[in-house]
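Colleague: The structure under discussion is supplied below as structure tokens; questions concerning it will follow.
The values are calculated or read from the model by the stated rules, or taken from the named source; none is laboratory data. Just so we're clear, the structure is a prediction, and the values are computed from it rather than from any experiment. Methodologically, a virtual Cβ is constructed for each residue, glycine included, from the backbone with ideal geometry; neighbour enumeration extends over all protein chains shown.
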Amino acid sequence: MDSPKISVIVPVYNVEQYLPRCIDSILAQTFTDFELLLIDDGSTDNSGKICDEYASKDSRIRVFHKENGGATQARAYGVNNVYSNSYICFVDSDDDIPSDSFQILSNFMLDKYDIIIGRANDKPYKKKEMTAEENRSFAILGKVIPCSPWARLIRRTLFSVDTFDIPKSIIRGEDMIMNIKLAFANNKPVRLVNAKIYNYHKNNGSIIQSFKPNLRYEETFAKYKLLAIPSKEYPKYKKEYVLSKIDAVIEIIDKTCSNKSINSTEFYKCLINEIYTNGIKLPFCTRIKLSVDNKWLICFVIAFERIRNKVKRTAFQMNLIFNKIKKQK
């Protein structure tokens, strides 16, 4: 096979219910210069058989059957076996993509860009490009752009052995660690494409959906996130790293409506010290959650935030509807 412009990698594990939808959406692309690598990660259902059936009908598909090692290692296996030296695209096997996704992204496959990011939701980006430095900040924070590996094209040359050096114990957030490593490997502007090019589907049977945040896990995750940031670059991105840890702690508090289980831990004490020594100013609601030892007050603040966020989302959706009506007129 000649070197395709895009190599699509799909980790597959026990998703026979969703897999045909995913593969069909990729094969339906109007941009056809791609290869599809299906990495069967030790599936025990009919997923592997489904992969083989599709491969027998389309020469662009290659199937690899391997022992179970998790999504990160499946992606690494795929990257190591691509024909393309151009761009890599990851798609999760329980999701799908619109038929024009590759066509839209291909318009920006230029020497100027090693990373091209589309949208997986209706919220538009505020600009067309961000600097390599901005991309690193957002990758650490896990905000503004998706912290998942999909909805983007990534130049093959950005990947290294270290990119996927993530312990199997990191079952949530491994995508963020990979993106941080790729962000620091990239020195070019990142193109932001204001088009929805990915359809995410919530799979209640996945490990991620059943995951419950806890401080012990967040401590381990923070350690590996720190290792993903080059030591010489850390002083420049220290604030973003601390803010990302704050977000993790707040998530735990939001789930339990209390900070009692964490406010006596060494991790929490070090975090509070980092907040003050770095002069980080926190929103009022965040300060309440971190400092007040009153479950009812914390519950009130959480309820207030949820109502406020729901109002914001409703206003955003209404604005989208009004804009569509205006365009139709």
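Colleague: From the list 136, 172, 119, which one is among the basic types (Lys, Arg), more than 30 Å from residue 50 (Cα to Cα) and within 17 Å of the chain's Cα centre (by Cα)?
Modeller: 136 is the lone residue from the list that is among the basic types (Lys, Arg), more than 30 Å from residue 50 (Cα to Cα) and within 17 Å of the chain's Cα centre (by Cα).
Colleague: Would you check which residues across segment 86-105 are out of contact with any helix residue (DSSP H, G or I) (no Cβ under 8 Å at 6 or more places or on another chain) and not acidic (Asp, Glu) and list them?
Modeller: Within segment 86-105, 101, 102, 103, 104, 105 qualify.
Colleague: While we're here: Please pick out the residue among 8, 63, 79 that is touching an Asp or Glu at 6+ places or on another chain (Cβ under 8 Å), under 21 Å from residue 105 (Cβ atoms) and among the aliphatic types (A, V, I, L, M).
Modeller: 8
Colleague: With the condition kept exactly as written, say whether any residue in segment 39-61 is under 24 Å from residue 147 (Cα atoms) and either in contact (Cβ under 8 Å) with a residue 60 or more places away in the chain or among the acidic types (Asp, Glu) (or both).
Modeller: The answer is yes, given that some residue of segment 39-61 is under 24 Å from residue 147 (Cα atoms) and either in contact (Cβ under 8 Å) with a residue 60 or more places away in the chain or among the acidic types (Asp, Glu) (or both).
Colleague: Continuing with this model, one more query. Kindly state which strands (runs of 3 or more DSSP E) lie completely within segment 1-93 and contain at least 2 residues that are modelled with pLDDT of 95 or more, in contact with a strand residue (DSSP E or B) (Cβ under 8 Å, 6 or more places away or on another chain) and more than 21 Å from residue 163 (Cα to Cα).
Modeller: Fully inside segment 1-93 and qualifying: 34-41, 61-66.
Colleague: Also, I was wondering about something else. Residues 253, 262: which one is out of contact with any strand residue (DSSP E or B) (no Cβ under 7 Å at 6 or more places or on another chain), assigned to a helix (DSSP H, G or I) and over 16 Å from residue 140 (Cβ atoms)?
Modeller: Going through 253, 262 in turn, the sole match is 253.
Colleague: Within segment 111-152, track down each residue that is in contact with a Gly (Cβ under 7 Å, 6 or more places away or on another chain) and not basic (Lys, Arg).
Modeller: Of everything in segment 111-152, just one residue is in contact with a Gly (Cβ under 7 Å, 6 or more places away or on another chain) and not basic (Lys, Arg), namely 151.
Colleague: In the list 26, 50, 61, which residue meets the criterion of being crowded, with 19+ Cβ neighbours inside 10 Å, aliphatic (A, V, I, L, M) and within 23 Å of the chain's Cα centre (by Cα)?
Modeller: Result: 26 is the single residue among 26, 50, 61 that is crowded, with 19+ Cβ neighbours inside 10 Å, aliphatic (A, V, I, L, M) and within 23 Å of the chain's Cα centre (by Cα).
Colleague: Only one of (1) under 15 Å from the mean Cα position of the chain (by Cα); (2) over 16 Å from residue 7 (Cβ atoms); (3) of a type in the set (A, V, I, L, M, F, W, C) fails for residue 110. Which number is that?
Modeller: Unmet condition: (1).
Colleague: Shifting gears a bit: Return yes or no: is residue 117 within 21 Å of residue 6 (Cβ to Cβ) and either assigned by TED's automatic domain parsing to the domain that holds residue 267 or part of a strand (DSSP E or B) (or both)?
Modeller: In short, yes.
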